[in-house]
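Remarks on the structure that follows.
Only the coordinates and a few stated rules stand behind these numbers; no lab work does. Quantities reported herein were computed from a predicted structural model and do not represent experimental measurements. We place every Cβ from the backbone using ideal geometry, glycine too, and count neighbours over all the protein chains shown.
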Amino acid sequence: MVFLKHMLELFGVVYLRYHLLARLWNVWLVGVNAACLFFITHIEAQVVLAVTGVAVVAQTFIYGRIGFTRVLGAAHIMWMPMFAWMATRLDLINADPSLAQWLHVLFVTNLISMVIDAVDVTRFLRGERAPHYHWKRPVSV
C-alpha cells in the first residue's frame, strides 16, 4: 500500500507540481511511451511496456527512499539496452512503417529525456541531493 501511495505521489508531482514546460514535456514523454499499447502485438512494443513498467517501479522505490531528487531519471538507463536490442531488429521493424515511425519518435523523445536525465544525475552526484519538488506543500514556519 505504501508503494502505491509513493507511485501516486510521484505522478502527482510530475503532473500537478512541475512547472508548465516540464509538465508538458512529461505529458509528451509518457504519451509517446504509452503509445506502445497501439502496437502491443509487436514484441518491440511489449518490451517498451515492460521497460517502462520496470522504470516506474524503480523510480517509485527511489522516491520512497529519498524523495523527488535529481537521481530519479537514472532509471531511464534501461532504455539504452532496449534500443540497442531494437537496432538488431531494424529489418523487421522497417517492414511495418507505422511501427518504425513510432519507434523513431520514441527513440528521439527518449534520447532527449536521457540527456536531461544525465544532467540531473550529474547535478545529484555533485551534491544537489535535496528533493526539489514535494507532493505535500512545505509548512510555513
What is the order of E128, E44, E9, fewest Cβ neighbours within 10 Å to most? E128, E9, E44
Given 15 as the ceiling on other Cβ atoms within 10 Å, longest exposed-site-free region of the chain for trypsin sites (Lys or Arg not before Pro) in DSSP loops: 1-88
With a length cut of 18 Å (Cα positions projected on each helix's long axis) and a Kyte-Doolittle mean of at least 1.0, go through the chain and give me the DSSP H helices that pass. 20-34, 43-66, 97-125
Calculate, axis by axis, the spread of Cα positions in the stretch 2-125 along the three principal axes, and write the results as whole Å, longest axis first. 43, 28, 25
How far apart, in nm, are the 7 Å Cα→Cβ label points at R17 and L92? 4.1 nm
Convex hull (Cα only) mean projected area of the stretch 8-65, reported in nm² to one decimal: 4.1 nm²
Once normalised by the length of the chain, the mean sequence separation of its alpha carbon contacts under 8 Å that are 6 or more apart gives a contact order in percent of 34 percent
